[in-house]
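Structure record follows, encoded as structure tokens.
The values are calculated or read from the model by the stated rules, or taken from the named source; none is laboratory data. In this text, all values refer to a predicted model and were calculated from it rather than measured experimentally. Cβ: placed from backbone, ideal geometry, glycine included. Neighbour counts: every protein chain shown. For the accessible areas, the whole protein counts, side chains as well, though only heavy atoms, and no ligand, DNA or RNA atoms are used. Shrake-Rupley method; radii C 1.70, N 1.55, O 1.52, S 1.80 Å.
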Amino acid sequence: HVQLVESGGGSVQAGGPLRLSCAASGYAFSRYCMAWFRQSPGKEREEIARISTSGTTTYADSVKGRFTIARDNAQNTLYLQVDSLRPEDTAMYYCAAGLYRCPVIDNGDNGWDYWGQGTQVTVS
């Protein structure tokens, strides 16, 4: 089976940094496009960052310049470095995987094959 497990969430003061991790097991991590999503109460799940199998990154405008997505294929781990956090960044953060090709941008959850259970980030 395929498993994605997020970690690193917690409470942080506005302006502070945080690093989220997504540990992958049960599949060939390097063959998957990976992404981070977040969801706040009453809102749809939002894609905030993605990284392709070739290392190409894409960010949502809301986090551009503040968040950095990276992958370590040797460790089967996806990272999200978050800086200059704002209260509106408060959300449950999820990692997702799509086989080979990244799904169409701005297509919501469609096209992503696997999901983690999420890690909560609270900014105050």
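Worth a mention:
- In terms of its C-alpha gyration tensor, segment 77-124 comes out prolate, because a/c is 1.5 or above and the ratio a/b outweighs b/c.
- Ranking VAL5, VAL121 by solvent-accessible area of protein heavy atoms (1.4 Å probe, all protein chains present), from largest to smallest, gives VAL5, VAL121.
- Around the Cα centre of the chain, unit charges on the Cβ atoms of Lys, Arg, Asp and Glu (plus for the first two, minus for the last two) sum to a dipole of about 220 debye.
- Here segment 21-91 is assigned +1 on the Cβ of each Lys and Arg and -1 on the Cβ of each Asp and Glu. Its dipole about the Cα centre then comes out at about 120 debye.
- Selection among VAL123, PHE29, MET92 by position relative to the dipole of the chain gives PHE29 as farthest towards the positive end (Cβ unit charges, Cα centre).
- Alpha-carbon centroid distance for the pair segment 2-29 / segment 66-124, whole angstrom: 8 Å
- Among GLY42, GLY98, GLY26, the largest mean-square fluctuation in a Gaussian network model of the chain, built with springs joining Cα atoms closer than 10 Å, belongs to GLY42.
- Using C-alpha pairs under 8 Å with a sequence gap of at least 6, the mean separation divided by the residue count of the chain gives a relative contact order of 36 percent.
- Neighbour cut-off at most 11 other Cβ (10 Å), DSSP loop, chymotrypsin sites (Phe, Trp or Tyr not before Pro), segment 38-124: TYR100
- For segment 69-124, a simple Cβ point-charge model (Lys and Arg +1, Asp and Glu -1, everything else neutral) yields a dipole of about 120 debye relative to the Cα centre.
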